[in-house]
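Chemist: Structure provided below as structure tokens; questions to follow.
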Amino acid sequence: MAPNSSLELAEEILFASKVMVNILAEALVYEGIQNISAPQFRVLDTIYNGTDKPADVARMLEVSPSAISWLLDRLEQDGWLERTASSKDRRRVVLRLTETGRDMVRRVNTHRRALLRKVLENMEPETITQLQDSLEAFSQSYIALKKGR
């Protein structure tokens, strides 16, 4: 790939990531959710998908422990999650979404998927297949890069 086309592709990827953030913002507005940033939603979504240790959430989202602690404080204050001591090891903190938090993540993700389906409906089937293959290759390349560090 020529350097110029590589740079153009990088710009397209950055634009696509902005589109994804906009889709999240649109879903939050649609569901009437205020005062939740994209990073805060990512924390809630990570917990929703089964991660219950603050250190693991920080690692998965590639943020510092102090940053995750601040985000968790805010989300707990707002009633989206709770922190409790582990029943196996009282020194360990376990993260759990409140019922309100679980319901919000579920509704927002449902709306995000609906918006993505609408975007995909405007695309040709061959383009969708190419996109799927390209996204899989992109993700695998990123994973390999991370493992190589």
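Taken together, the values in this text are just the output of simple stated rules run on the coordinates, not laboratory data. Owing to the predicted nature of the structure, the values given are computational and were not obtained by experimental measurement. Because the Cβ atoms are built from the backbone with ideal geometry, glycine has one as well, and the counts that use them run over all protein chains shown.
Chemist: Taking N as the number of residues in the chain, what is its alpha-carbon radius of gyration divided by 2.2 N^0.38 Å?
Modeler: 1.23
Chemist: How much net charge surrounds residue 111 when only other residues with a Cβ under 14 Å from its Cβ are counted (Lys, Arg +1; Asp, Glu -1)?
Modeler: After counting each charged neighbour, the total is +2.
Chemist: Out of residues 5 or more away from residue 81 or on other chains, whose amide H comes under 5 Å of its own, with H placed 1.01 Å from N in the peptide plane?
Modeler: 76, 98
Chemist: Got a sec to turn the phi values of the stretch 88-93 into Karplus ³J(HN,Hα) couplings, 6.51 cos²θ - 1.76 cosθ + 1.60 with θ = phi - 60°, whole Hz, x for Gly and Pro?
Modeler: Listing the rounded values in order: 8, 8, 4, 7, 8, 8 Hz.
Chemist: Can you list the aspartates and glutamates whose alpha carbon sits under 17 Å from that of residue 118, skipping same-chain ones fewer than 8 residues off?
Modeler: Straight-line reach from residue 118, under 17 Å: 26, 126.
Chemist: Within straight cross-link reach of residue 88, meaning Cα distance under 28 Å, which lysines are found once same-chain residues fewer than 8 apart are removed?
Modeler: 53
Chemist: If you don't mind, there's one more thing I want to ask. Can you tally the net charge around residue 48? Count Lys and Arg as +1, Asp and Glu as -1, for every other residue whose Cβ sits under 11 Å from the Cβ of residue 48.
Modeler: It works out to a net charge of +1.
Chemist: Might you report the magnitude of the Cβ-based charge dipole of the stretch 3-147 about its Cα centre, with Lys and Arg at +1 and Asp and Glu at -1, to the nearest 20 debye?
Modeler: 820
Chemist: Go ahead and estimate [θ] at 222 nm for the chain from helices alone: -39,500 (n - 2.57) per DSSP H run with n ≥ 4, summed, over the residue count, rounded to 500.
Modeler: -24000 deg cm²/dmol
Chemist: How much of the calculated P(r) for the stretch 1-84 lies past 16 Å, in percent of all Cα pairs?
Modeler: I get 60 percent for the Cα pairs in the stretch 1-84 exceeding 16 Å.
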